[in-house]
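Working notes for the structure below.
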Amino acid sequence: MSPKTFATVLTAALAFSALAACGTDSGGDTSADGKTVVKVALEPGQDKSAVDAFNTRVGQFEQANPGIDLVVQEFKWDPAKFTAQLAGGTLPDVITVPFTDGRGLIERHQIADISGDVAQLPYAGKFNPEVAKTGQNAEGKQEAIPIAAYTQALHYNRTLFEQAGLDPDKPPSTWDEVRADAKQIAERTGAAGYAQMTKDNTGGWILVTQDYAFGGRTEKLDGDKATATIDTPQLRQVLQNLRAMRWDDNSMGANFLYDWNGINQDFAAGRVGMYVSGGGNYKDLLSQNAIKPADYGVTALPLTGPDAGALGGGTLAVVNVKASKKAQSAAVKWIDFYYLRKLTDQAAAQADAKTTADAKQAVGSPELPVFDKATYDERLRWIGQYVNVPLPQMTPYTGKMFDQPLLPEPTRATQKVYGVLDTVVQKVLTDRNADVGALLADAQTQAQALLDRS
């Protein structure tokens, strides 16, 4: 059938007790002609070519699985709305969520236990162990499936580098160089030399990234006890560096309320010289922000000190707990077909790459392997003829991404703690007289309270 798109319906918040019905058959998962209906999520905001590519893959799946009827539903993950959406029955059957939310969804039994179906997949034993555990329950069973992983990177605009008299083939490799280059870009081009996400929990996400890069950590785990470690010399150094760039150098532009979408938009438009985000961000910059490929550059995140590392994260595919067992099994087939088979099977990899390239979407953007490095390298060889991203401009990142220590995001009350840190970075960037020490002490108190309740 032709994919049908349903606008996401937002329902009023319902009591959590309404979730008691979860796990039962939804009753609406069979079409009039006896097919199993599975609603699959498509993130809103994609351009037409990206939607067309997705719909092509939907059609290919339905042709290969004539007993399954896929319905495409726009959906964007928002943890603040999830419980109400689940209780109200408005969620798709297959959605994607960040690594940081997987364990909580599993512990609260808010997603289907698909571990039996996952165990039957031919590559079930080949997942990168560190990646796989983000979707495992306490017994080690795979209830959520990792489909993508990343480490943070420093993205930069090569055109602005050239206009500022900098060499785009020699991006900064230390934070002092980031500061110096940002100042030069701002002075010579008028663009923000460096910009930082600060709201909707992205400010905390990037601040923790920088803390890791200076050798810090924001939580310490001892068994079941989690201790906030926010008021530290490392995070103080990060904030002092940001304050110097903002107030002494005037190199950070005028927007200090960026979220992920907003900073991507300004970077693609040539208004930002550098910013920190996931290393595989090029595909989103292309599909959602129409970045000019010639402008794009990415390099490894500068690391300082023996304990420094690159924050890593990723995406899990999960299945609606309200879906029937038949729909759950069909959902795993779609996850296998759309997200994972292209990483492990030559024919599937080439078919996906061709469809994506034909839709003028990015093929070959750098990413950490969900499986082992050998599988990743083999896939790149399979799809070589379809790669359409500027790989030479990405080598400052891809040449180092496997060598940098990978550090997982904090595990307890992650998004809530990120929200606390949003306020800290916003204050530093908007108040010249902000007391960094007092801000961090207060943030640590708030974070500890959140950890104690998690």
How about the stretch 92-162: which GluC sites (Glu not before Pro) there are in a DSSP loop, with at most 16 other Cβ atoms within 10 Å of their Cβ?
GLU139
For helix 373-382, report the angle its Cα long axis makes with the longest principal axis of the Cα atoms of the chain; keep it between 0 and 90° and round to the nearest 10°.
80 degrees
Can you pull the one-decimal nm distance between simple spin-label points at ASP259 and GLU162, each 7 Å off the Cα toward Cβ?
3.4 nm
In Å², rounded to a whole number, the accessible area per residue of the chain with probe 1.4 Å is 43 Å²
Given charges at Cβ of Lys, Arg, Asp, Glu: the stretch 96-254 dipole, positive-most of LEU121, ALA138, GLN196:
GLN196
Magnitude of the Cβ-charge dipole (Lys and Arg +1, Asp and Glu -1) of the chain about the Cα centre, nearest 20 debye, reported as 360 debye
What ranking do 116-127, 245-256 get when scored by the average of other Cβ atoms within 10 Å per residue, highest first?
245-256, 116-127
Along Cα→Cβ, 7 Å out, is where each label goes; now give me the distance between the ones at ASP435 and LYS133 in nm to one decimal.
4.0 nm
Can you give the extra length, in nm with one decimal, that the chain gains between LYS126 and SER49 once fully stretched, where that is 0.36 nm per residue apart less the Cα-Cα distance?
24.5 nm
Rounded to the nearest percent, how much of the accessible area of the chain (1.4 Å probe, protein heavy atoms only) is carbon and sulfur?
50 percent
1/(1 + (r/R0)^6) with r = Cβ-Cβ of ASP248 and ALA119, R0 = 56 Å, i.e. FRET efficiency to nearest 0.05, evaluates to 0.50
Surrounding charge for GLN136, neighbours by C-beta under 13 angstrom, Lys/Arg +1, Asp/Glu -1, total -2
For ASN241 and ASP33, what does the FRET efficiency come to when R0 = 51 Å and r is the distance between their Cβ atoms, rounded to the nearest 0.05?
0.25
Loop-only check: which trypsin sites (Lys or Arg not before Pro) in the stretch 53-93 are DSSP coil with at most 13 other Cβ within 10 angstrom?
LYS76
Rounded to the nearest 0.05, what FRET efficiency do LYS326 and ASP372 give with R0 = 45 Å and r taken as the Cβ-Cβ distance? Could you check?
0.85
Given LYS76/LYS325; LYS292/LYS427; LYS76/LYS133; LYS39/LYS81, which pairs have Cα atoms separated by over 30 Å?
LYS292/LYS427
Calculate how steeply helix 202-213 sits against the longest principal axis of the alpha-carbon atoms of the chain, using the helix alpha-carbon long axis, and give the answer as 0 to 90 degrees to the nearest 10.
70 degrees
Please give the helix 414-430 orientation as an angle from the longest Cα principal axis of the chain, in degrees from 0 to 90, rounded to the nearest 10.
30 degrees
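The values are calculated or read from the model by the stated rules, or taken from the named source; none is laboratory data. Treat the numbers as computed from the prediction; the structure is a model and nothing was measured. Here the Cβ is made from the backbone with ideal geometry for all residues, glycine too, and neighbour counts use every protein chain on show. Just so you know, the surface numbers come from the protein's heavy atoms only, side chains and all, with ligands and any DNA or RNA stripped out. Shrake-Rupley method; radii C 1.70, N 1.55, O 1.52, S 1.80 Å.
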